[in-house]
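Visitor: This is the structure, below, for whatever I ask next.
All of the numbers you see were taken from the coordinates with simple rules; none came from a lab. Please read these numbers as outputs of a predicted model, since none were measured by experiment. Cβ placement follows ideal geometry from the backbone for every residue including glycine, while neighbour counts extend to all protein chains displayed.
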Amino acid sequence: MCTAKKGFIIALDEGTTNAKAVALDDRGNVVAKYSQPLAIQTPREGWVEQSGEVLIEASLDVIARAIQHVGADNVVALAISNQRETAIGWYRDSGKPLNAAITWQCTRSAAWCEALRQDNQEPLIKATTGLPIAPLFSASKMRWLLESIPDGARLAEQGKICLGTIDSWLLWNLTGGEAFSCDYSNAARTQLLNLQTGQWDEAMLALFAIPRVALPEIKPSSGLFGHTRGLAGIPDGIPVMSMVGDSHAALFGHALGELGCVKATYGTGSSVMAPVKSAQCAIHALATTIAWHDGERIVYGLEGNIPHTGDAVAWMADSTGLSELPDDELAHELNTLPASVESTLGVYFVPALTGLGAPWWDDSARGVICGLSRGVKRAHLIRAALESITYQIADVVVAMQQHDDFSLTALMVDGGPTKNDWLMQYQADLLGCPVMRSDVPELSAIGAALLARKALHPGSLSDLKDLLTEHSTFQPDMARHRRLQQRWQAWRHAVNRTLWKPASSV
């Protein structure tokens, strides 16, 4: 246990594959971190879900261990960053989930989304919420949850059911059921929030058949949400001072939302997000969202969501036998194999394992490996999987250039796959701009903690700059950048092979 009394913030980063708690001191330094793996279930093709109870158990466990490490009397606040779009419902009286949490990767509501598209509802939805129609977002998942139980709609209308994203589920359990709230960034991912008013939209609630009484109160990302109550290993009365979606937290943690600093989180999937000044929704291929509410104002974000990036590499590692290696050997192979060959020998892997996200948005697309020849070996396939990450991110960046407020001075990156130096250099060369990698892997947790720190010590954003983490920079080779444009074009041809309705360009 730490003995020096300091203003520690415990930041929970509840992700898709792990629940992590980080203890940060009053200078923003990580002094302890704890993690619990989380299982994913795929009971049917396209279905991806997790146990809501397991999410809570793992989250409370790592929070309790972090508190014990620094001493409960030294903890000034909790901060939460969470996997987004994942939807869960529970009974208000008992707190028992209606069903499993439906994760952001799940496409079980794809048919319903397609029906909305065929009914020409997309222009209204996009103009209201900033989001294109896709099963990624929470509203259609919430609708499915209500339909999965007897009298679900009636019970929700009577106020007996709560529907929320994972931040509201965590808060409910942390506060013993006293607080039912979400933050603006998570609300903006539901497809139920009016982007202009910052409130639940009546037309969207009616369209998705979601009663307003079933939804949480929307609050700023930086501010008091409630206090802990009735938890083993977690003292009563610790304030929850920030909640924010994990990708938004990472953007805040990189550069506090500085224009031109575009963020790409490399995880199971990827979020590419750029801070912008307005809620302009004219780019069909991308989502306009709320990046955060810092307690004083709303900051908007332009975003492209990609379902399979790190997941694509994991799939290829499984398929080529690499996943049988111990973790350290696997990491070594993923770093060295791509550089051991000069190219993929014309192989392209489009990892549309549950459809394609931005900028294509095709739920029916399925993955393809094309360009195979007799000389292709495991190294070429692994390289193709890693290259697929860079191409998908670059496709989103190109689409972002249509926004009037968009600028790109550097790509700020975080997440497990960014440890691969070869991958980072390839990304820099492909885009032709510097790639700046956070040297601290817990960036989402740090971003949430910075928002909590701002709530605890109100002031300007510049007051937080000294707490930002260091970055390693990969400068682009512009001669290679020009050569890679031909490969990038070949990648787009490979994407067309997966699309239900082939597209000629982004």
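Visitor: What ranking, highest mean first, results for peptides 331-339, 11-19, 185-193, 417-425 when packing means the other Cβ atoms within 10 Å averaged over each residue?
Guide: Top of the packing list down: 185-193, 11-19, 417-425, 331-339.
Visitor: Where the convex hull is taken over the Cα atoms of the chain, what is its projected area averaged over directions, in nm²?
Guide: Dividing the Cα hull surface by four gives the mean projection, 22.1 nm².
Visitor: How many nm separate the modelled label positions at D463 and R212, each set 7 Å beyond the Cα in the direction of the Cβ?
Guide: Label at D463, label at R212, 3.5 nm between them.
Visitor: Just grab the label-to-label distance for E329 and R297, each label 7 Å out from Cα along the Cβ direction, in nm (one decimal).
Guide: So the label points at E329 and R297 sit 5.5 nm apart.
Visitor: Helix-only mean residue ellipticity at 222 nm, the chain, DSSP H runs n ≥ 4 weighted -39,500 (n - 2.57), per residue, nearest 500. What is it?
Guide: -10500 deg cm²/dmol
Visitor: Run the numbers on the chain and let me know its relative contact order in percent, using alpha-carbon pairs under 8 Å that are six or more apart.
Guide: 14 percent
Visitor: Same structure again: If the cut-off is a Cα-Cα distance under 25 Å, which lysines reach K6, setting aside same-chain residues fewer than 8 apart in sequence?
Guide: List returned: K20, K33, K454, K465.
Visitor: Report, in order of residue number, the helices in the chain meeting two criteria: a C-alpha extent of 20 Å or more along the helix axis, and a mean Kyte-Doolittle hydropathy of at least -1.0; treat each whole DSSP H run as one helix.
Guide: Length and hydropathy pass: 52-70, 378-400.
Visitor: Separate question: Take S340 and R497, extend 7 Å from each Cα along the Cα→Cβ direction, and tell me the distance between the two endpoints in nm.
Guide: A separation of 2.5 nm, rounded to one decimal place.
Visitor: How large are Rg and Dmax for the stretch 305-364 when only the alpha carbon atoms are used, in Å?
Guide: Rg then Dmax for the stretch 305-364, in Å: 13.5, 36.
Visitor: For the stretch 271-351, what are Rg and Dmax over the alpha carbons, in angstrom?
Guide: 18.9, 53
Visitor: Tell me, what is the percent relative contact order of the stretch 229-307, built from C-alpha pairs under 8 Å that lie six or more residues apart?
Guide: In percent, rounded to a whole number, it is 23.
Visitor: Give the percent of DSSP beta bridges with both residues in the chain that are antiparallel, rounded to the nearest 5.
Guide: 70 percent
Visitor: Something else now. Is the stretch 152-234 best put as rounded, prolate or oblate by its Cα gyration tensor, with a ≥ b ≥ c the root eigenvalues, rounded for a/c under 1.5, and otherwise prolate when a/b is larger than b/c, oblate when not?
Guide: Here the stretch 152-234 falls in the oblate category.
Visitor: Below 8 Å, C-alpha to C-alpha, sequence gap of six or more: please give me the relative contact order for the stretch 46-180 in percent.
Guide: 31 percent
Visitor: Starting from the Cα gyration tensor of the stretch 373-500, take the square roots of the eigenvalues, sort them a ≥ b ≥ c, and report rounded, prolate or oblate (rounded when a/c is under 1.5, otherwise prolate if a/b is larger than b/c, else oblate).
Guide: Prolate.
Visitor: A further question follows. Ranked highest first by average number of other Cβ atoms within 10 Å, how do 72-82, 371-381 line up?
Guide: 72-82, 371-381
Visitor: Here's something else I'd like to know. Residues of the stretch 320-346 with backbone nitrogen within less than 17 Å of a virtual label 7 Å along the Cα-to-Cβ line of K377, please, listed as ranges.
Guide: 320-322, 333-346
Visitor: I149 to S94: extension gain in nm, 0.36 nm per residue of separation minus the Cα-Cα distance?
Guide: Between I149 and S94, full extension yields an extra 18.2 nm.
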